[in-house]
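Visitor: The following block contains the structure, expressed as structure tokens.
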Amino acid sequence: MNSFEVPSSTIDDLDISHSFEDNDERYFSEVVGHIEEIIMNENFQSIQQDFMEKHWTQFEDDEENRLIYTDIFKEYQNTVEKYIEKSLLEKMPHFDPNKFDEELSNRKFELEGEIFEMLSTFSNFISFKNMFIDYKKMKEEKLAELSFHISVLKYN
């Protein structure tokens, strides 16, 4: 036997794929944990809230997509997504956005929850638009509720 050969019985006993899966799983869990921390942070909440406030009136709940939506989507990616990526790199210097995107793609059917809905708004235009439509509905409902408390007095 050559000194570099490993007996076949030893190869059968090694589970190399399992260690890679554990590393990928660990990496993915670490990134998601940090993202949860970041989006719960007041600074992130303020950035996203300010962005939504700035643009919510532009969106309409219809099938047609206006050209302005594309500009707002790009601005969102450059503002909110870049903030998350920068924060992740501060917490995880070994963060690799391409590796994380690949892991997200591989797991897209098993992921659910608020964090994954928010992450989908960076890459999926429909998710992004729906986020704004939901925000607009919420804002309009609050405005309608406030109108019940407003009295108009006429002075002669």
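The values are calculated or read from the model by the stated rules, or taken from the named source; none is laboratory data. Remember, it's a predicted structure, so these values are computed and weren't measured experimentally. What goes into the accessible areas is simple: the full protein's heavy atoms, side chains included, and nothing from ligands, DNA or RNA. Shrake-Rupley method; radii C 1.70, N 1.55, O 1.52, S 1.80 Å.
Visitor: Enumerate the calculated ³J(HN,Hα) couplings along region 94-107 in order (Karplus 6.51 cos²θ - 1.76 cosθ + 1.60, θ = phi - 60°), each rounded to whole Hz, writing x wherever the residue is Gly or Pro.
Guide: Here the 3J(HN,Hα) series is 8, 4, 10, x, 5, 5, 5, 4, 5, 5, 4, 4, 5, 10 Hz.
Visitor: Ok, one more. Give me the accessible area of L119, 1.4 Å probe, in Å² rounded to the nearest 10.
Guide: 20
Visitor: So how much accessible area does R26 have, in Å² to the nearest 10, using a 1.4 Å probe?
Guide: Result for R26: roughly 140 Å² accessible.
Visitor: With a 1.4 Å probe and all protein chains left in place, how much of the accessible area of region 79-142 comes from carbon and sulfur atoms, in whole percent?
Guide: Solvent-exposed carbon and sulfur of region 79-142 make up 48 percent of the total.
Visitor: Just how much of F116 is accessible, in Å², when a 1.4 Å probe is used and the result is rounded to the nearest 10?
Guide: 40
Visitor: Multiply the residue separation of S29 and D101 by 0.36 nm, subtract the distance between their alpha-carbon atoms, and state the gained length in nm to one decimal.
Guide: That pair, S29 and D101, stretches by 24.6 nm at full extension.
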